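Before any comments, here is the structure.
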Amino acid sequence: MTRNDSRYRRSLTSGILFVPFAILCSAFAQGTLQPAAPFPLSAGPLVIHQAVQPQHPFTVTGSSGAILGLQNGSVELWALPTKVFSNLHMTAELAGYPVPIDLNAAAAAIDVQPDHTTITYSHAAITVRQHMFVPAGEGNPAKGAIIFFEIESILPAVLTISIEPSMVQQWPAPTFGRPSTSWIPMGSGGVFVLSTDNPENFGMVGMPNAAPGVMAPYQERPQALPLQFKVHFDPKADQGRFFPLIAEVSQPGERNSAAAVAAMQARLVATASALPEIYRQTRAYYDHFFDQRLSVHTPDPHFDAALRWAEIAIEQSKVRTGDEVGLVAGWYPSFDSTRPGFGWYFGRDTLWSLYAVNSYGDRALAKQALEFLAKRQRADGKMMHEFSLTAGALHGDLDWSRLGYEYAAADATPLFIMAIADYVRTTGDVEFLRAHWDGVKKAYAFDRAHDSDGDGVYDNSEGTGWVEAWPPKMPHQEIYLASLDQTSSAAVSELAKLMQDEALASSAAAQATHIGEVVASYRQSDGSYAFSRNSDGSYDKTLTVFPSVALWSAGASLPKPEAMLSSWASHDFATDWGVRSVSDKAAVYDPISYHQGSVWPLFTGWASLAQYRGGRPLAGYAALMRNLDLTWAQDPGFVTEVISGQFFQPLGRSSAHQLWSSAMVLAPAIRGLFGVEADAVHRTLRLQPHLPAGWDFAELNHVRVGDDLYAVTLKREGGHLLATVRSAQETVLCLNGQPDAAISACRDRATAVHALTLPLPPVEVSLNGQELPEVGSSTHQPRVVEESYQASSLALTLEGVAGTTAELFLRRNGPPTRGKGDAGVKVEGAERSGEKLKVTFPQGSGFVSQQVRISWPK
C-alpha cells in the first residue's frame, strides 16, 4: 500500500493515518475475546475491608502497571509508563427496569489484599464487583494492569463501561492530543484501537460480550466522546463468569501498522485467555511473600498487620525499566496531568527507604535499588535525585539531563554511602561493596570537594539539602545535611576497613569527628538545635525536626539532645497524627506548606527512632503508632505523603501510597521498638528491645543476618526479658544487648539456639487511648513529653489540654508479682487504681503540663 491508497483515511480528532476497519478485521480473524471461566480469588489473612469513601484515593500498583483512582470506581489505568485511559464510569440498564443505575454512585465497599483490590457496587437489583490487579511473580508473562468484572443480577442487564482514552506517557514526555479510535469486533466482544500522532505510541483496550457504545460517524463535527463498552449479561448463561477489561500498548520499536496492531491484538487475546493462570501466579507470589521476609506476632494484631502492609507497600513501589528494577517515590491518581503522584524513580526516597528494606530482609530488592542508583551516578560522584520513567526515551530539548531534575538535591550523595554501609552490614555482601567501592569513594570525594566556606562540612551549594523553599532565603548549610555528612563519613571509615584501606578509614573517621563538632555547634543556649548556619557564621534558630536525623543510625549521636527530644514529643511538634517539620510557634510555620509545618510520616519516623535511641521509648512508640495507624486512614494498606499540620487531613496532592511513609512504619518498629539490627560482617545481632508495657511477648520471624534467617522470641520473665534466637541450622551468631558496646568478630561456637537475658526496669508505663482522631480534628490528645529513670524512680512529664485527664497503664516487673504485694510503689501527681493511673491536668487554657513520679523500694 502507498500513503495515497484510498483504503486509508484520516482521523477527525488527531489527523493520524490509520488502518481501516476491513483490513483490521482481516488481521483479527483468528482472535476472539470470551468471558473468563470463574477462578478462585485469594482470601488470604491480610485483607482490609472498608466502606467506600467515594473521594478517597486507592492504588493498585506493581512493576509494570498501575490502577489509580477514587474509591467510587473512577480509575485510570497505566501500562507503565503510559496512561491508557482514565475516568472509568459504569451504568447498568436492566430488562424491564426503566431507570438506568449509576453504579459509581452505588460504590459500597472496598476490599484490599496484596494480590488484588475489589470495589463492590451494590444496588437492590444488581451487584457488580470490579476486581483489579497488577501481574506479579517471576516468569509471569503478563504486563500492565488488569481489571475484570463479576456481575450478579436478577434480570438481564447491559453494563455500559465508559472510559476516556488517554495514551499519554509519563511526564515530561510530549503528548500528542486525544487519541483517535477504531472499534474492531472479536468474537462476542471487541477492542478499541487507540492511535496517536506518534506512530510509536498506540494501544488497545478490549472486552468480551461487549459492543461499542456511541461512536460519532464521519459526518459529525469533531467532539470528544468517551469510549463505551456495552457488556451484555444474561443471568442464566453468564452467572459466575468474569468479564476482563484488558489493555495493551506498543512495545519499544513497534510502529502503528496493520501488522503491529495484529501483534498487539494477539497479545491482548493471549492475556485474556490466560487470565486464570496470570492471576494464579500473582496470588502465589503474594501467598509466599513472607516466606523469607520479616513478619511479627505480638499481642496487637493491628500492629502485626501494619508491618506486613508496609512491606507490601514497598514491594508495590518497584518498577521495572528494561532489565533494571528501581523504587518509585509515590502513587496517586494523575487526574488531568501526566504525573501519577511521584510515580518515578527518586534517589533520596529510595535511600531512606532501604533502611526498612534491609530491616525486613529483602536483600535482592535492596541490591537492585542500589545498583539502579549506582548506574546513574554522575562522573564527578554526585548521586541522582530523580529519574522519570520516560527519561531514557527523551531527546532534544526534552533530554532528561538538560531539565535540571536529575541531580537537583544534595542529600542523595551522603545517603548513598550510608545505604551502602547499611546494606553491607546487614547482608555481609562484601563482594557488592568491592564492585561499587570506586563509586562510594567518588561520592565521598564529591562531598569533601563541595564545602563552599572551608569549614570541612558538605553544604547546600550543590543543591537542596532537605527544604526546597525557605523564607526569607534558601539555607547555606542545614543541620540535616551536615548530620548526613557526619554519618556518611563514619560509614566510609567502616567500609574502608573492610576494603583494607586503613589510610582512608583513619581520615574518614577523623572527618566524622570534625563534622560532629560542627553539628554540636548548632546547639543553642536553651539546648535546642538550629535549623541551619548562614555563610557569616550566624544561625537560623528555627526549631525543626531535622536534627533528628543525627540519631538515625546506630552509633550516631546528637550531643545533649534532651531539649529537642522533649520538643518533638510536645504539642509544639507532635500532632495526633504525626510530627510537624517545624514547631507551630516558629515564625515560618504554615501548616499547609510543603516544608514549613506540615506533617510527613517521614518526619514522624525520624522522630520516633530518635526518641528510641535517645532513651525515650514512650515518645518513640507514640510517634510510631501515628504512622502505623495511617495504614487504614486514606488509601487502604498504604501511608500517605503529607498531612496538614493543623487539621487531620492530607493535602490535596499528597501521594496516597508514599514509599518512605510506609518505610517509616518499619524502620522505627524494627530498629527502635524491637531494637533489632543485624551485623552480618561480625556475625552479630543487636537486641535492644523496648516492648510496650502492655506486651508480654513478641515474636519476629525471618530476621535476616547475612544469608541466615532466624526466629526471635522476646518474652517477659519476672524482672527480665528473655530473647531466644533460633535457626534451622547451627550458625555462629553473637547477641549484643549493649547499646554502646563495640562489636568485633563473633567467636561463639555454632548452635541452633542463642539466648540473651536483658534486665527490665522495676516499673513501666504506657499511655492508654491513643488513636487517630476524626478527620478534620485538631490536636487534643495527651502525650508523654519526658521520661527519666533513676535507681528507684521513674519521672514523667505529661502534656494535655487543661482540665482533661489521661490514663496510664502501670506494670510492675519482677517480684513482687504484678498486682500483688506492690504497696511499696508510690505515685505522685496521679491517682492510682490497681494497674491504672489517672492523670488530671491543671485548669487553664490550651496544653498544660503535669509531673508524675513513680517510686519503689530499692
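The values are calculated or read from the model by the stated rules, or taken from the named source; none is laboratory data. These numbers were taken from a predicted model, which means no experiment stands behind them. Because the Cβ atoms are built from the backbone with ideal geometry, glycine has one as well, and the counts that use them run over all protein chains shown. The accessibility values were calculated without ligands, DNA or RNA, using every heavy atom of the protein model including side chains. Shrake-Rupley method; radii C 1.70, N 1.55, O 1.52, S 1.80 Å.
The local environment of Pro114, defined by Cβ-Cβ distances under 15 Å, has a net charge of -4 under the rule Lys, Arg +1 and Asp, Glu -1. Charge tally around Glu164: other residues with Cβ under 12 Å, Lys/Arg +1 each, Asp/Glu -1 each, net 0.
At 1.4 Å probe size, with no ligands or nucleic acids counted, give the accessible surface of Phe432 in Å², nearest ten. Here the accessible area works out near 10 Å².
For the residue pairs Lys375/Lys541; Lys375/Lys473; Lys585/Lys858; Lys318/Lys382; Lys318/Lys441; Lys318/Lys541, the alpha carbons lie more than 30 Å apart in Lys375/Lys541; Lys375/Lys473; Lys585/Lys858; Lys318/Lys541.
The alpha carbon centroids of the range 74-108 and the range 340-381 are separated by 36 Å. Helix 258-273 and the longest principal axis of the Cα set of the chain meet at an angle near 60°.
Summary of the geometry: the range 171-243 and the range 694-735, compared by the centres of their Cα atoms, lie 56 Å apart. Dipole check for the range 765-858: with +1 at the C-beta of Lys and Arg, -1 at the C-beta of Asp and Glu, and the Cα centre as origin, the magnitude is about 520 Debye.
Once the Cα atoms are used to define both axes, helix 502-520 deviates from the longest principal axis of the chain by about 80 degrees.
The listed residues Glu478, Glu371, once ranked by accessible area (1.4 Å probe) with the largest placed first, stand as Glu371, Glu478.
3J(HN,Hα) couplings calculated from phi for the range 686-697 with the Karplus curve 6.51 cos²θ - 1.76 cosθ + 1.60 (θ = phi - 60°) are, in sequence order, 6, 9, 9, x, 10, 5, x, 4, x, 9, 8, 7 Hz; Gly and Pro show x. Across the range 476-489, coupling constants 3J(HN,Hα) worked out from phi with the 6.51/-1.76/1.60 Karplus curve, θ = phi - 60°, read 7, 8, 7, 4, 4, 6, 4, 5, 5, 4, 5, 5, 5, 5 Hz, and Gly and Pro carry x. The charge dipole of the range 453-503, taken about its Cα centre with unit charges on the Cβ of Lys, Arg, Asp and Glu (plus for the first two, minus for the last two), comes to roughly 140 debye. Here the chain is assigned +1 on the Cβ of each Lys and Arg and -1 on the Cβ of each Asp and Glu. Its dipole about the Cα centre then comes out at about 740 debye. When Thr724, Thr175, Thr804 are compared by accessible area at a 1.4 angstrom probe, the order from most to least is Thr175, Thr804, Thr724. For the range 745-802, the set of trypsin sites (Lys or Arg not before Pro) satisfying both a DSSP loop assignment and a count of at most 14 other C-beta atoms within 10 Å is given as Arg747, Arg749. Only sites in a loop by DSSP and with at most 12 other Cβ atoms within 10 Å count here; which GluC sites (Glu not before Pro) in the range 90-173 make the cut? When the GluC sites (Glu not before Pro) of the range 90-173 are filtered for loop state and at most 12 Cβ neighbours within 10 Å, Glu138 remain. With all protein chains in place and ligands, DNA and RNA left out, the 1.4 Å accessible area ranks Arg853, Arg267 as Arg853, Arg267, largest first.
If you take all other residues with their beta carbon under 10 Å from the beta carbon of Ser598, and give Lys and Arg +1 and Asp and Glu -1, the sum is -1. Counting only heavy atoms of the protein chains and using a 1.4 Å probe, Lys836 has close to 110 Å² of accessible surface. To the nearest 10, the accessible area of His288 is 110 Å² with a 1.4 Å probe. Rounded to the nearest 10 degrees, the inclination of helix 347-360 to the longest alpha-carbon principal axis of the chain is 70 degrees. From the square roots a ≥ b ≥ c of the eigenvalues of the alpha-carbon gyration tensor of the range 296-365, which class results: rounded (a/c under 1.5), prolate (a/b over b/c), or oblate? Verdict is oblate for the range 296-365. Whole-Hz Karplus values for the range 844-858 come out as x, 9, x, 7, 10, 9, 9, 8, 10, 10, 10, 10, 8, x, 5 Hz, taken residue by residue from phi with 6.51 cos²θ - 1.76 cosθ + 1.60 and θ = phi - 60°; glycine and proline positions read x. Its DSSP H runs of at least 4 residues, each contributing -39,500 (n - 2.57), put the calculated 222 nm mean residue ellipticity of the chain at -7500 deg cm²/dmol, to the nearest 500. Distance between the modelled labels on Ile592 and Ser506, one decimal in nanometres: 5.9 nm (7 Å Cα→Cβ projection).
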